[in-house]
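Q: Sharing a structure here in structure tokens format.
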Amino acid sequence: MATRGPRSEKVRRIFNQFDANRDGGLNREEMACLVVAVNPRVKFSDEQINAILDEVFRTYSDFIDGDEKGLTYEGLLRTYDDGAGDVDRDFDALGLELNFDDKAPPMVAEDSSSIVDERMVVETQKKQRTAAWAVSPNHGVVFDDTWKIVDDLEILVKRLKTKQAKDGKFKCENFDAYSDAGWSRELGPSAEISEKRVIWDESGHDFAVFLKELGGLRARADVARSREEAFDGHMAIGRVLYEHQLFKEALVSFKRACELQPVDVRPHFRAGNCLYVLGRHKDAKEEFFLALESAEAGGHQWAYLLPQIYVNLGIALEGEGMVLSACEYYREAAILCPTHFRALKLLGSALFGVGEYRAAVKALEEAIFMKPDYADGHCDLASALHAMGEDERAIEVFQKAIDLKPGHVDALYNLGGLYMDLGRFQRASEMYARVLAVWPNHWRAQLNKAVSLLGTGETEEAKRALKEALKMTNRVELHDAISHLKQLQKKKTKPNVGVPGESAYVIVEPSKFKTVGEKTTVRQELSNALQIRALQRVTRLSRCNVELLKKEMTEHDVPMSYSGRGVPEKSIRKPNLEEVLRRLLSFLKPEAFQGAVKAINERILSVLDESGSGRVDLGMLYAILAPICGGPPERRKRVAFDALLWRPMNEDSADVKKADATLYIKLLRAVYVPSQRVNELLEVHGDSDTSMVSFSEFLVMFDDPDWGFGIMPTLVKLETGDRNRHGNTVCSVCRYPIIGSRFKEVKSHFSLCNQCYSEGKVPSTFKQGDFKFKEYGRETEAIKDKCMFFSLHSRNEK
């Protein structure tokens with residue numbers, strides 16, 4: 001088993017520095033001096049100091065050696081293991097130096113193949129290991145026979161490692177470049193998993209022999225003299241295997257320990273850790289819930305472990321994409337342990353992930369204040385600042401993260417994206433090049449590098465970068481980008497500032513955009529519909545059939561509550577709402593589901609929960625989601641009406657209150673039509689109109705083009721046709737192949753894509769008073785129109 005090394009020695013030096021009376025404990029006065037000394041920038045009040053000391057002495061009561069002596073060295077070590085402080089930071093703040101004792105046992109050669117010599121190696125390190133691992137009364141090895149099993153297992157692992165290294169099968173991968181998950185890996189004192197991930201070859205004969213011998217050790221544990229000793233043996237076996245990153249085998253041992261003592265926190269927690277590392281996030285979540293249940297039932301005994309359980313449970317939930325739920329557990333961890341900087345960092349990152357940027361910045365700043373050298377914290381803080389528009393400060397914070405960890409892929413990539421947004425393409429390409437130096441197969445970095453090179457005017461370099469990206473992935477957007485480059489080479493025009501690859505254009509006021517034919521969409525209407533369609537795509541709600549909403553209302557009832565206005569409603573907390581959304585979007589992978597929740601939270605929940613109470617009227621939410629779900633348009637409207645009927649004030653009725661329907665229509669427009677915001681809804685809240693609205697009357701209100709959701713036919717047109725391609729036709733402004741509707745100017749004969757038409761862009765080479773456009777949903781329509789034109793033209797000639 002690996003020893004703790006310099007880390008435990010640093011804790012020892014810190015402890016000795018403040019153990020003024022050398023009685024082996026830190027009393028309240030000595031602990032107060034320590035807290036103040038390691039936080040020189042913080043001005044603590046007496047009340048704050050007393051609160052911190054009360055929390056420490058209560059949480060770590062198992063390590064208090066009498067009232068006079070105070071917290072033992074082992075207790076101080078535990079506080080650092082639990083994330084209550086940073087050893088390296090505190091050690092440096094105190095100006096201490098690390099000089100190992102000359103009396104430390106000498107290193108013993110490990111090249112002997114005999115079991116006797118290997119036992120000698122283990123024995124020479126046993127005192128160190130015992131001090132590091134088994135010192136705790138709750139988590140250490142209890143029985144002597146368990147130590148024999150541990151020693152023999154260490155020998156087996158060492159043999160396997162030696163053989164696989166000799167055959168070139170033992171591999172290590174450096175994960176230092178990537179953001180750390182920040183999770184609590186262990187209960188109590190333990191060597192943390194190395195930043196180098198070990199990859200074992202499980203297919204060879206050597207590993208089969210190892211498993212057979214491991215089975216023998218497990219059998220020895222099973223035949224122990226008591227159930228407690230068997231539990232002790234399996235926990236020790238699991239721990240050794242876990243520290244050597246043999247996670248599958250460690251899981252087997254922890255599961256066996258769970259069978260022996262089902263209400264013990266430790267095996268459930270460690271089994272959850274193994275499952276998470278193995279990518280089984282759902283199973284990990286279940287184990288952490290069992291650990292949490294046991295810890296809460298165990299009273300004060302496990303109180304100091306709760307922050308770690310909350311943190312890891314939150315991370316497991318994030319692994320499933322349940323970020324709103326994860327936020328709840330990170331908050332609990334931070335409340336129980338206010339100095340848990342990892343919990344605060346994870347909370348900030350999760351809040352950023354759901355679009356709550358101000359709250360994210362606050363949490364991340366607190367985490368960094370506690371741990372100034374936290375590179376991952378700086379990276380996420382910079383991303384949140386960029387999302388809030390504080391770009392210059394974001395650049396500084398990104399740079400700080402990179403200074404702390406020069407190969408930090410996330411910081412480099414996100415800083416590149418920030419420079420792209422600011423139009424600083426040269427700097428952006430430099431950042432993406434640094435990403436590729438660390439992660440050569442990062443296709444998104446390669447693609448963005450190509451775009452940034454295009455922004456600097458280096459077309460040939462951009463083309464080469466795109467070809468490299470194409471070797472990494474065969475995604476369709478890369479083929480479109482290559483076609484875009486070819487178009488640029490055919491028609492070299494001076495690009496607009498800050499828009500790489502676009503032809504020179506002017507923006508024409510809406511009144512000069514005319515439409516030809518009834519089927520051609522008005523520019524402003526298309527602009528609004530495109531935004532709604534973009535929300536559909538991010539949330540994937542168009543793939544969620546509207547009948548699933550109806551099923552949710554039928555099968556899952558929600559208790560009635562009262563809003564702040566005293567109106568009865570079926571409201572639900574956001575974390576619980578996330579579970580509902582997970583059922584509706586069960587086809588999404590965790591990362592995509594997280595993006596969907598973020599978009600729904602930013603665009604829809606922010607309107608429904610304007611007061612920030614954290615609760616949402618579920619019936620109103622269903623009604624607002626229905627129009628953008630999948631299914632026939634008329635069925636969507638019916639489900640929206642049924643959702644209003646499902647609300648308490650309309651239950652057991654075939655009609656809805658007019659005030660309720662009016663509020664719904666206004667909320668619908670506030671969510672989907674940017675021109676109307678929530679302050680326009682205030683007049684409806686106090687409406688005392690008690691008249692009722694039937695479904696047919698509701699449809700009239702819904703379909704009203706000016707005051708309702710008359711934009712729906714345009715949205716449906718986009719849903720059915722926004723993947724249609726028009727052969728080799730490209731947009732005359734952005735130069736990309738036209739996908740979706742094509743808008744052709746009937747006089748000058750240039751064509752625009754959906755986006756450029758909605759933004760009013762026309763090539764600057766065309767000077768005319770008005771522009772008349774005809775919309776073609778498919779290329780066949782344009783060909784048919786052209787044939788009719790030639791046919792009519794030939795008739796006129798005759």
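The values are calculated or read from the model by the stated rules, or taken from the named source; none is laboratory data. Worth saying up front: this structure is predicted, and the values here are computed from it rather than measured. Positions of Cβ are backbone-derived with ideal geometry, glycine not excepted, and every protein chain shown enters the neighbour counts. What goes into the accessible areas is simple: the full protein's heavy atoms, side chains included, and nothing from ligands, DNA or RNA. Shrake-Rupley method; radii C 1.70, N 1.55, O 1.52, S 1.80 Å.
Q: Starting from residues that are open to solvent by less than 10 Å² (accessible area, probe 1.4 Å) and in a loop (DSSP other than H, G, I, E, B), keep the ones in the stretch 316-356 and report whichever is farthest from SER383 (Cα to Cα).
A: For the stretch 316-356, the residue satisfying everything is HIS340.
Q: Taking the stated definitions as given, is ALA623 in contact (Cβ under 8 Å) with a residue 12 or more places away in the chain, crowded, with 19+ Cβ neighbours inside 10 Å, out of contact with any Asp or Glu (no Cβ under 9 Å at 6 or more places or on another chain) and not acidic (Asp, Glu)?
A: No.
Q: Take the stretch 646-693 and flag every residue that is touching a Leu at 6+ places or on another chain (Cβ under 9 Å) and modelled with pLDDT under 65.
A: VAL678, LEU681, VAL684, HIS685, ASP687 - these are the residues of the stretch 646-693 that are touching a Leu at 6+ places or on another chain (Cβ under 9 Å) and modelled with pLDDT under 65.
Q: Among the numbered conditions (1) open to solvent by 70 Å² or more (accessible area, probe 1.4 Å); (2) closer than 26 Å to ALA387 by Cβ; (3) polar (S, T, N, Q), tell me where THR539 comes up short.
A: (1)
Q: Sticking with this one: From the list ALA433, ALA394, ALA411, ALA445, which one is over 22 Å from the mean Cα position of the chain (by Cα) and assigned to a helix (DSSP H, G or I)?
A: ALA433
Q: Can you find a residue that is open to solvent by 40 Å² or more (accessible area, probe 1.4 Å), assigned to a helix (DSSP H, G or I) and either of a type in the set (Val, Ile, Thr) or modelled with pLDDT of 50 or more (or both) anywhere in the stretch 116-128?
A: Yes.
Q: While we're looking at this one, here's another question. Out of (1) in contact with a helix residue (DSSP H, G or I) (Cβ under 6 Å, 6 or more places away or on another chain); (2) farther than 19 Å from ALA640 by Cα; (3) at pLDDT 95 or above, the odd one out for LEU584 is which?
A: Here LEU584 meets the rest and fails (2).
Q: When the stretch 359-391 is examined, which residues are found to be part of a helix (DSSP H, G or I), of a type in the set (Gly, Ala, Ser) and open to solvent by 30 Å² or more (accessible area, probe 1.4 Å)?
A: ALA359, ALA387
Q: While we're looking at this one, here's another question. Where the second residue is open to solvent by 30 Å² or more (accessible area, probe 1.4 Å) and the first is more than 16 Å from ALA284 (Cβ to Cβ) and lies in the stretch 298-322, which pairs have Cβ atoms under 6 Å and are six or more apart or on separate chains?
A: LEU306/LEU336; PRO307/LEU336
Q: Of the conditions (1) in the same structural domain as GLN768 (by the TED database); (2) surrounded by fewer than 14 Cβ atoms within 10 Å (Cβ to Cβ), ASP706 satisfies every one except a single condition; which number is it?
A: (1)
Q: Let me ask another. Condition (residue is open to solvent by less than 50 Å² (accessible area, probe 1.4 Å), modelled with pLDDT under 80 and part of a loop (DSSP other than H, G, I, E, B)) applied to the stretch 55-63: is it met by at least one residue?
A: no
Q: Here's a check for you: in the stretch 565-606, which residue that is among the hydrophobic types (A, V, I, L, M, F, W, C) and open to solvent by 30 Å² or more (accessible area, probe 1.4 Å) is nearest to the chain's Cα centre (by Cα)?
A: PHE587
Q: Those residues that are at pLDDT below 90 and either among the hydroxyl-bearing types (Ser, Thr, Tyr) or in contact with a His (Cβ under 8 Å, 6 or more places away or on another chain) (or both), I need them from the stretch 766-798; list them, please.
A: ARG778, GLU779, THR780, ALA782, SER791, SER794
Q: Search the stretch 230-257 for residues being closer than 21 Å to HIS281 by Cβ and aromatic (Phe, Trp, Tyr), and hand back the single one that is farthest from the chain's Cα centre (by Cα).
A: PHE254
Q: Just for the stretch 725-745: of the residues that are open to solvent by less than 50 Å² (accessible area, probe 1.4 Å) and more than 21 Å from PHE771 (Cα to Cα), which one is nearest to the chain's Cα centre (by Cα)?
A: Among those residues, the one meeting the criterion is PRO737.
Q: Also: What's the number of the only condition in (1) at positive phi; (2) crowded, with 18+ Cβ neighbours inside 10 Å; (3) not basic (Lys, Arg) that GLY614 fails to meet?
A: Exception for GLY614: condition (2).
Q: If we scan the stretch 501-518, do we find a residue that is at pLDDT below 85, open to solvent by 30 Å² or more (accessible area, probe 1.4 Å) and closer than 20 Å to CYS756 by Cβ?
A: Looking through the stretch 501-518, at least one residue is at pLDDT below 85, open to solvent by 30 Å² or more (accessible area, probe 1.4 Å) and closer than 20 Å to CYS756 by Cβ.
Q: Let me ask something else. Looking only at the stretch 418-430, which residues are part of a helix (DSSP H, G or I) and surrounded by fewer than 19 Cβ atoms within 10 Å (Cβ to Cβ)?
A: Result: ASP421, GLN426, ARG427, GLU430.
Q: While we're on this one: Evaluate the following for LYS514: is it outside any loop (DSSP other than H, G, I, E, B) and not polar (S, T, N, Q)?
A: So LYS514 passes the test.
Q: Now for a separate question. Please enumerate the residues belonging to the stretch 704-748 that are outside any loop (DSSP other than H, G, I, E, B) and hydrophobic (A, V, I, L, M, F, W, C).
A: Within the stretch 704-748, MET712, LEU715, VAL716, LEU718, VAL730, ILE738, ILE739, PHE743 meet the criteria.
Yes or no, residue by residue, for (1) buried (at least 21 other Cβ atoms within 10 Å of the Cβ); (2) without any contact (Cβ under 8 Å) to a residue 40 or more places away in the chain:
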| site | (1), (2) |
| --- | --- |
| ARG197 | no, no |
| LYS212 | no, yes |
| GLY215 | no, yes |
| VAL223 | no, yes |
| ARG227 | no, yes |
| ILE237 | yes, no |
| VAL240 | yes, no |
| ALA250 | yes, yes |
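Q: Residues in the stretch 552-564 that are modelled with pLDDT of 75 or more and surrounded by 13 or more Cβ atoms within 10 Å (Cβ to Cβ): how many?
A: Residues that pass the stated criteria total 3.
Q: Yes or no: ARG256 surrounded by 19 or more Cβ atoms within 10 Å (Cβ to Cβ) and modelled with pLDDT of 95 or more?
A: Yes: the conditions hold for ARG256.
Q: Can you name the number of the only condition in (1) touching a residue at least 12 places away in the same chain (Cβ under 8 Å); (2) more than 20 Å from ARG342 (Cβ to Cβ); (3) open to solvent by 20 Å² or more (accessible area, probe 1.4 Å) that GLU293 fails?
A: (1)
Q: When only residues in the stretch 6-54 that are part of a loop (DSSP other than H, G, I, E, B) and closer than 16 Å to LEU96 by Cβ count, which is modelled with the lowest pLDDT?
A: Out of the qualifying residues, it is PRO40.
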